[in-house]
Amino acid sequence: MSPIDYLYYLCFVFFAFGGSFFFKKGIVATKFLGLLFIVLGLQTFLNYYIRPEYLLQYPHFFRTVSPLMLTIGPLYYLFQQYLLYPERKLKPALLWHFLPFALHVIEYIPFYLLPAELKILEIKEMISENTLYTIHSKYGWITMRTHIYIRFTSFFIYVSLSFIDLLKYYLSSSKSFIKNNQLIVYWLFSNMAMKFIVMGLIVYKYIISEKEQINLPWKDFFYLVEYVLMMLFMLFNPKLLYGPSLKGLVWQQALGRMEGLGELSNKKVHSIKIVSGLEREKALLESLNRYFETERIFLKPNLTLIEVARKLKMKPRLIRLALQTEMDISFSDYVNTWRIQFAEEQCRENPKWKNYKLEVIALESGFGTRQSFNSAVKKIKGVSPGQYFSEFLW
């Protein structure tokens, strides 16, 4: 049995893994992860039957893999987006990512509807040219060879976008946040490195090399290795699919509600201590905290409760009630506490901030004026900004 024969059974593993995560309750990222592995399973299954020895026997599988490959990049990109920013909502505009896939399917519909006899004639002509990517075909808007470049360009764009977003996420996060979430961040960087290696292999095999293109040796499936490792890593680290955890410790200190390092380190998601324990208020505050943490919406000077409620699709009254009953704090004080926490972390960890004057710190932290900054620090910390930030500044 050849290596490709073993890979045939891998498709069923992908189907099982993808299905379990697609129907799993959790953040939106699990849905995209599930779809990604379902597509990989289908792609692996079809690749098995478009080998030269099977093409004439199963002609209806011919040209079915190409459109699927246009979904790998978008699905991974969206998976990473919703993993890093789990409070983001699904929007119909996301369907635009799959427009190339839809157009590619529409392009090949005339070929898909052909009887087996005509498909076999097309396959025989392709085989005579000793290539799977013929430029001579009666079907399709562009040549199969051109589709190679389109698929690679699409994959390269989405991998690059994912890398840029991940790098921005890393650079914009504090050291304490990265430390709390180093497993998920460094795993994504490692996975990204493997994707660039795969792109190098794709360039060499299908773009630079012109030889033996009719063959599909097992090394053509090497790119599946990164997804196998991804699958195994997630099976052993299921907490990754909860998304990044909140800073926790600094936030707890800001409210004077520290409960001990041991208890905090055992929580899946670090958050503010809940007083009443009502499930609705608890869930609302978890969403609100995570939204403020991941999106840093508090850096907007004129932030309003109505704006936050609209973004989270919640009623302003419920947010105000949850903050009041669970934390005994107003919305404005809640926002200002995040701003002060942000300023404190930056002054602790960012050498550039240590040289800032208090006016600059106020503006960079989301306070519109120095006066509002002074009032907030005095109210929440009980001392003036000069006294509170003196230990962090040079």
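The values are calculated or read from the model by the stated rules, or taken from the named source; none is laboratory data. This structure is a prediction, so every number in the text was calculated from the model and none was measured. As a convention, Cβ positions derive from the backbone with ideal geometry for all residues, glycine included, and neighbour counts pool all protein chains shown. Calculation scope for accessible area: heavy atoms of the full protein, side chains included, ligands and nucleic acids excluded. Shrake-Rupley method; radii C 1.70, N 1.55, O 1.52, S 1.80 Å.
Just to be sure I understand, how many residues within the range 13-30 are assigned to a helix (DSSP H, G or I), of a type outside the set (Gly, Ala, Ser), more than 13 Å from Leu224 (Cβ to Cβ) and modelled with pLDDT under 90?
As a first pass, look at the range 13-30 and keep what is assigned to a helix (DSSP H, G or I): 13-22, 29-30.
If we keep only those that are of a type outside the set (Gly, Ala, Ser) too, we end up with 13-15, 17, 21-22, 30.
Adding the requirement that they be more than 13 Å from Leu224 (Cβ to Cβ) leaves 15, 21-22, 30.
Next cut, modelled with pLDDT under 90 only: 21-22, 30.
Within the range 13-30, residues that are assigned to a helix (DSSP H, G or I), of a type outside the set (Gly, Ala, Ser), more than 13 Å from Leu224 (Cβ to Cβ) and modelled with pLDDT under 90 number 3.
Among the residues of the range 379-394, count how many are open to solvent by 50 Å² or more (accessible area, probe 1.4 Å) and more than 24 Å from Pro351 (Cβ to Cβ). Give the derivation first.
Filtering the range 379-394 for residues open to solvent by 50 Å² or more (accessible area, probe 1.4 Å) gives 379, 381, 387, 390-391, 394.
With more than 24 Å from Pro351 (Cβ to Cβ) added as a condition, the list becomes 379.
Residues flagged as open to solvent by 50 Å² or more (accessible area, probe 1.4 Å) and more than 24 Å from Pro351 (Cβ to Cβ) within the range 379-394 amount to 1.
Of all residues in the range 350-373 being assigned to a helix (DSSP H, G or I) and open to solvent by 50 Å² or more (accessible area, probe 1.4 Å), which is nearest to Leu171 (Cα to Cα)? Show your work before the answer.
Kept after step one, since they are assigned to a helix (DSSP H, G or I), are these residues of the range 350-373: 353-355, 358-364, 370-373.
Still in the running and open to solvent by 50 Å² or more (accessible area, probe 1.4 Å): 355, 359-360, 363-364, 370-371.
On the way: Asn355: 19, Glu359: 24, Val360: 20, Leu363: 20, Glu364: 16, Arg370: 27, Gln371: 30 Å.
Among residues in the range 350-373 that are assigned to a helix (DSSP H, G or I) and open to solvent by 50 Å² or more (accessible area, probe 1.4 Å), the one nearest to Leu171 (Cα to Cα) is Glu364.
Within the range 66-73, does at least one residue satisfy the condition of being over 30 Å from Ile184 (Cα atoms) and modelled with pLDDT under 90?
Just the residues of the range 66-73 that are over 30 Å from Ile184 (Cα atoms), to begin with: 66-67.
Then drop every residue that is not modelled with pLDDT under 90, which leaves 66.
Checked the range 66-73: at least one residue is over 30 Å from Ile184 (Cα atoms) and modelled with pLDDT under 90.
Considering only residues of the range 287-309 that are open to solvent by 50 Å² or more (accessible area, probe 1.4 Å) and outside any loop (DSSP other than H, G, I, E, B), which is farthest from Gly366 (Cα to Cα)?
Once the filter is applied, the top-ranked residue is Ile306.
Only residues that are touching a residue at least 12 places away in the same chain (Cβ under 8 Å), assigned to a helix (DSSP H, G or I) and open to solvent by 20 Å² or more (accessible area, probe 1.4 Å): list them for the range 82-114, please.
Leu94, His97, Phe98, Pro100, Phe101, Val105, Pro110, Tyr112
Checking the structure you have, find out if any residue of the range 153-169 is of a type in the set (Asp, Glu), assigned to a loop (DSSP other than H, G, I, E, B) and farther than 20 Å from Leu46 by Cα. Working first, answer last.
Of all residues in the range 153-169, those of a type in the set (Asp, Glu) come to 165.
Then drop every residue that is not assigned to a loop (DSSP other than H, G, I, E, B), which leaves none.
Within the range 153-169, none of the residues are of a type in the set (Asp, Glu), assigned to a loop (DSSP other than H, G, I, E, B) and farther than 20 Å from Leu46 by Cα.
Among the residues that make up the range 306-320, is at least one of them at pLDDT 85 or above and acidic (Asp, Glu)?
Within the range 306-320 (the criterion being at pLDDT 85 or above and acidic (Asp, Glu)), the answer is yes, since at least one residue qualifies.
Check Phe196, Phe189, Phe152, Phe156 and return the single one that is of a type in the set (Phe, Trp, Tyr), out of contact with any Ser or Thr (no Cβ under 9 Å at 6 or more places or on another chain), at pLDDT 85 or above and closer than 30 Å to Gln57 by Cβ. Step through it out loud before you land on a result.
Numbers: Phe196 fails: closer than 30 Å to Gln57 by Cβ; Phe189 fails: closer than 30 Å to Gln57 by Cβ; Phe156 fails: closer than 30 Å to Gln57 by Cβ.
Exactly one of Phe196, Phe189, Phe152, Phe156 is of a type in the set (Phe, Trp, Tyr), out of contact with any Ser or Thr (no Cβ under 9 Å at 6 or more places or on another chain), at pLDDT 85 or above and closer than 30 Å to Gln57 by Cβ, namely Phe152.
Of the conditions (1) within 18 Å of Trp338 (Cβ to Cβ); (2) at pLDDT 70 or above, Leu241 satisfies every one except a single condition; which number is it?
Condition not satisfied by Leu241: (1).
With the structure loaded, tell me whether Lys211 is part of a helix (DSSP H, G or I), at pLDDT below 75 and not hydrophobic (A, V, I, L, M, F, W, C) or whether it fails that test. Talk me through it step by step, then tell me what you get.
Values: part of a helix (DSSP H, G or I): no; at pLDDT below 75: yes; not hydrophobic (A, V, I, L, M, F, W, C): yes.
No, not satisfied.
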